[in-house]
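The values are calculated or read from the model by the stated rules, or taken from the named source; none is laboratory data. Just so we're clear, the structure is a prediction, and the values are computed from it rather than from any experiment. Heads up, the Cβs are rebuilt from the backbone with ideal geometry, glycines too, and the neighbour counts pull from every protein chain shown.
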Amino acid sequence: MNYESNYKAGDIVYVVYRNPHTYDVANVQEAAVVNSPDRPGELDLFLYETYFPLDDSIAVYASEGEAERAYNDAFGGGAESEGELW
């Protein structure tokens, strides 16, 4: 799936983000879709002052509710934490 065709710079999306220091801790986090500073013509996710490529390696959700449901399906509880995109 080509995520870039579904989004444009300026869109706000939601991802499940894992804490890189405590791998079993994750939360739903808002991220911005932006033009990539390193890859002209491509899009990135901007989250915690970091750019992540917008591709199918990251589960991206259009709404917070959708991301929360995916989190609950995967982790079986409320979203809580910080770190790596899931």
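Structure above, values below:
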| quantity | calculated |
| --- | --- |
| Looking only at region 60-86, and only at residues there that are modelled with pLDDT of 85 or more and in a loop (DSSP other than H, G, I, E, B), the one that is surrounded by the most Cβ atoms within 10 Å (Cβ to Cβ) | 62 |
| Within region 33-64, tally of residues that are basic (Lys, Arg) and under 15 Å from residue 11 (Cα atoms) | 0 |
| Residues satisfying the stated conditions in region 16-52, i.e. loosely packed, with under 11 Cβ neighbours inside 10 Å and either touching a Phe, Trp or Tyr at 6+ places or on another chain (Cβ under 6 Å) or of a type in the set (Asp, Glu) (or both) | 24, 38, 49 |
| Restricting region 12-32 to residues that are polar (S, T, N, Q) and not in a loop (DSSP other than H, G, I, E, B), the residue that is nearest to the chain's Cα centre (by Cα) | 29 |
| Hits in region 33-63 - residues which are over 12 Å from the mean Cα position of the chain (by Cα) and in contact (Cβ under 8 Å) with a residue 12 or more places away in the chain | 34, 35, 36, 37, 38, 39, 42, 43 |
